[in-house]
Amino acid sequence: MTRIVHLNGDWLPEAEAKVSVFDRGFLMGDGVYEVTSVLGGKLIDFEGHCRRLDRSLKELGMPNPHTDDEWLALHHEIVRLNDIGDGSIYLQVTRGNGGDRDFMYPNPPVPQTVVMFTQSKPGLAQNPQATTGLKVISLPEMRWHRRDIKTVQLLYPSMCKMAAKAAGADDAWFVEDGAVTEGTSNNAWIVKDGKIITRQLSNDLLHGITRASVIRFAKEAQMEIIERPFTIEEAQAADEAFITSAGVFVMPVVEIDGKKLGDGKPGRVATRLRELYLDESLKAAM
Ligand code: PDD
């Protein structure tokens, strides 16, 4: 089945969807994106992703090309057209085709480029890695200082995922001024003596939508959450660690820079939070 993608209001077979070589997303990384998971044909945490998309666009001085209702309808339509049960929807909005290469934003503004496509991932919630856990390595934080904006500038995270793989690990956590900021494409957490610790929000990290939901569900379940920075040494000495993102939900981490955490198996708290997140977010899925 040919994948049907969305481009600026049209539904097209993927091979027919074309964007200009002058698009600022391509030339300047001048665009933002969101990834929303789909489970059983329903959107997980859709409202959170919609809110963050709006915020990212505002921070870059771009209008939002659609209302929340329009975005919701587009998401439902792309799920339907591609018959997605489990998977994800990628959406990207760029500042558009400026007609030439220019550092300055087009003035007057030009129509933005809106792209959406699906990725089918049957059994997404039954990812076997959740039962074995991930190995991560630490690498220096070298991204820009507006990591709260979900831009398409993903080269450094890509380089670090490659470096992690070359080192025999699954992913990398970034370290800046001695503390972990986040993972390459996820938020980082540790658990010590029953306390669940994750870095507080700032421009230093992406304001994860899964992170926000996990905090809410954990608090409702009377679990203790502490939002503060932590070091790699503290993480290595923790009882458990895990990451959160729309791609993996809650995923245990069992090794950091070659040091096994606890017995080297996914922890009780991470496993519980994964179940809690999947149960609760499925109830609210749209
Ligand atoms: N990444 N931090 C970074 C740097 C991310 O790229 C992501 C998401 C997260 C987690 O955010 P959320 O819970 O809203 O997915 C944190 C997406 C999934 C990606 O780039 O594929």
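Which ranges mark the helices (runs of 4 or more DSSP H) fully within the range 205-286 that have 3 or more residues being among the β-branched types (Val, Ile, Thr)? Even if it seems obvious, please write down each step before you answer.
Numbers: elements: 209-220, 232-236, 268-283.
Fully inside the range 205-286 and qualifying: 209-220.
Could you check, for the range 181-189, whether at least one of its residues is part of a loop (DSSP other than H, G, I, E, B), within 8 Å of the ligand (Cβ to nearest atom), open to solvent by 50 Å² or more (accessible area, probe 1.4 Å) and assigned by TED's automatic domain parsing to the domain that holds residue 273?
Yes, the range 181-189 contains a residue that is part of a loop (DSSP other than H, G, I, E, B), within 8 Å of the ligand (Cβ to nearest atom), open to solvent by 50 Å² or more (accessible area, probe 1.4 Å) and assigned by TED's automatic domain parsing to the domain that holds residue 273.
From 122, 65, grab the single residue that is touching a strand residue (DSSP E or B) at 6+ places or on another chain (Cβ under 6 Å), free of Cβ contacts under 8 Å to residues at least 60 places away in the same chain and not hydrophobic (A, V, I, L, M, F, W, C).
On the way: 122 fails: touching a strand residue (DSSP E or B) at 6+ places or on another chain (Cβ under 6 Å).
One residue alone meets the criteria, 65.
Would you confirm whether or not the range 33-51 contains a residue that is within 11 Å of the ligand (Cβ to nearest atom), crowded, with 18+ Cβ neighbours inside 10 Å and assigned to a helix (DSSP H, G or I)?
Looking through the range 33-51, at least one residue is within 11 Å of the ligand (Cβ to nearest atom), crowded, with 18+ Cβ neighbours inside 10 Å and assigned to a helix (DSSP H, G or I).
Matching residues to (1) closer than 24 Å to residue 282 by Cβ; (2) hydrophobic (A, V, I, L, M, F, W, C):
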position: 118; (1), (2): yes, no
position: 125; (1), (2): yes, yes
position: 128; (1), (2): yes, no
position: 133; (1), (2): yes, no
position: 143; (1), (2): no, no
position: 147; (1), (2): no, no
position: 156; (1), (2): no, no
position: 162; (1), (2): no, yes
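Return yes when residue 110 is of a type outside the set (Lys, Arg) and either part of a strand (DSSP E or B) or open to solvent by less than 40 Å² (accessible area, probe 1.4 Å) (or both) and no when it is not.
Values: of a type outside the set (Lys, Arg): yes; either part of a strand (DSSP E or B) or open to solvent by less than 40 Å² (accessible area, probe 1.4 Å) (or both): no.
Here the answer is no, as residue 110 does not meet what is asked.
Identify, by number, the condition in (1) more than 22 Å from residue 142 (Cα to Cα); (2) modelled with pLDDT of 95 or more; (3) within 21 Å of the chain's Cα centre (by Cα) that residue 179 doesn't meet.
Looking at each condition in turn, residue 179 falls short on (1).
One line per residue, one yes/no per condition, for (1) surrounded by 18 or more Cβ atoms within 10 Å (Cβ to Cβ); (2) of a type in the set (Phe, Trp, Tyr); (3) in a helix (DSSP H, G or I):
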site: 62; (1), (2), (3): yes, no, no
site: 75; (1), (2), (3): yes, no, yes
site: 84; (1), (2), (3): yes, no, no
site: 88; (1), (2), (3): yes, no, no
site: 100; (1), (2), (3): no, no, no
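Looking at (1) within 16 Å of the chain's Cα centre (by Cα); (2) not in a helix (DSSP H, G or I), which one does residue 161 not meet, given that it meets all the others?
With (1) within 16 Å of the chain's Cα centre (by Cα); (2) not in a helix (DSSP H, G or I) applied to residue 161, the lone miss is (2).
The values are calculated or read from the model by the stated rules, or taken from the named source; none is laboratory data. All values reported here derive from a predicted model rather than from experimental measurement. So basically every Cβ, Gly included, is an ideal-geometry build from the backbone, and we count neighbours across all protein chains shown. Each accessible area value is taken on the protein alone, full model and side chains, heavy atoms only, with ligands, DNA and RNA left out. Shrake-Rupley method; radii C 1.70, N 1.55, O 1.52, S 1.80 Å.
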